[in-house]
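See structure below.
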């Protein structure tokens, strides 16, 4: 019985993550950290930003160039958004943020390619940033979408929105549907259990990525091309 359960679990794991594993393992085995040099750079940058943010001389600098709030002027927020990907959220230990970036960005860099990884990460982060402004404007009386005025002063989620968006997108592209669905459900539960700005920004990021996934699926269907796994990116 135990062997049967183990066999079922193994078959499920292969069906769920086999394509991702096949895409990630060869480049990592062949090139090691060179295969994910962008991810390693991102991890180092996030670590440097965190250390700088903790210093009396660096706190204001990081706030001015990378902290995004809904109360900021729109163009200021947009200018800060790229660096905001590397400003760890205050409610998450920095090692957790760094681990998220290393694992999810690393898998995405290999599977999706660097440009697509950056595009999806930025889209997810931007979706969360813009949602916060809309949510505060709607106010707390609007169910689900509205936010209290106090959230306008809360710093955005940092890299976590990008991490969530990339996890869902990579899961969809490589048919790890249960994994992608689990991420979506987990973020929804987060909002239900602890309704806060970060949780709703995560859902906004997921919504933006799902729109992209749906658009790509429709384009494939209209062109008559079977939905297949894209070639491995090096």
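The values are calculated or read from the model by the stated rules, or taken from the named source; none is laboratory data. Quick caveat, the model's predicted, so the values are computed rather than measured. Cβ coordinates were reconstructed from backbone atoms using ideal geometry, including for glycine residues, and neighbour counts include every protein chain displayed.
General observations
- Residue 110 fulfils the conditions (1) at pLDDT below 90; (2) touching a helix residue (DSSP H, G or I) at 6+ places or on another chain (Cβ under 6 Å) except for a single criterion, (1).
- Flag if residue 29 is assigned to a loop (DSSP other than H, G, I, E, B) and either in contact with a helix residue (DSSP H, G or I) (Cβ under 9 Å, 6 or more places away or on another chain) or surrounded by fewer than 15 Cβ atoms within 10 Å (Cβ to Cβ) (or both): no
- Set 43, 48: member being modelled with pLDDT of 90 or more and surrounded by fewer than 14 Cβ atoms within 10 Å (Cβ to Cβ): 48
- Failed condition for residue 157, given (1) over 21 Å from residue 67 (Cβ atoms); (2) modelled with pLDDT under 95: (1)
- Helices (runs of 4 or more DSSP H) wholly inside segment 34-139 containing at least 1 residues that are closer than 30 Å to residue 20 by Cα: 37-53, 74-84, 94-100, 106-112, 114-138
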